[in-house]
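For reference, the structure is listed below as structure tokens.
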Amino acid sequence: LERKKLVLTARGAETIQVPHNFSFAATMNPATEEYAGLQRLNVALQDRFDVVLEFTGQNIPKIIKDKALVDVYERLRPLIDAGEIRGVLSTRGLKQYLDNRTTYGPEVARMILLQKFEAGPGRQAVTDALDQAGL
């Protein structure tokens, strides 16, 4: 029975033997307009992963437990997807908002979130969504 090994090409092809229960996990953002500059995952490389999970906006309520913030996401996501406003509203950004609200208070958390959107219509839409959600 051949043992699993990793070849570290960045370290002169150093080979490391790994335990039989070794697992490897990788993450990436999709190569979309929103994440400009990314390359699509090569199908041969993608085929090497036994499990591929795709997280979409449908997972937000499972990850973000603040219902008001989920409401904000659900109001803004269609506007972003349609190109009506420009900005970033990711799971990471929502979690940052919650952390910032705890650390710095709601006003600073709001200001940080607003700065992730273009001045004008984007920030106004975020302001309106936050106001409607009571945030």
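Throughout, read-outs are computed from the coordinates displayed, never taken from laboratory work. For clarity, every value in this text was computed on a predicted model and none was experimentally measured. Cβ atoms come from the backbone with ideal geometry, glycine included; neighbour counts cover every protein chain shown.
Bin width 10 Å, origin at 0, all Cα-Cα pairs of region 1-131: what percent of pairs per bin?
10, 31, 26, 17, 13, 3, 0
Would you mind telling me which residue in Leu76, Leu53, Leu114 has the biggest mean-square fluctuation in a Gaussian network model of the chain, where springs connect alpha carbons within a distance under 10 angstrom?
Largest GNM mean-square fluctuation: Leu53.
Just name one of Pro19, Ala109, Gly87: the one whose Cα is farthest towards the positive end of the charge dipole of the chain (beta-carbon charges, Lys/Arg +1, Asp/Glu -1).
Pro19
Size of the dipole of the chain about the Cα centre, Lys and Arg at +1 and Asp and Glu at -1 on the beta carbon, nothing else charged, in debye to 20?
Computed charge dipole of the chain: roughly 480 debye.
What net charge is computed for the residues neighbouring Pro121, neighbours being all others with C-beta under 13 Å from the C-beta of Pro121, Lys and Arg scored +1, Asp and Glu -1?
So the surrounding residues net to -1.
What percent of all Cα-Cα pairs in region 49-125 falls into each 5 Å bin, going from 0 up to the bin containing the maximum distance?
3, 15, 25, 24, 18, 8, 4, 2, 1
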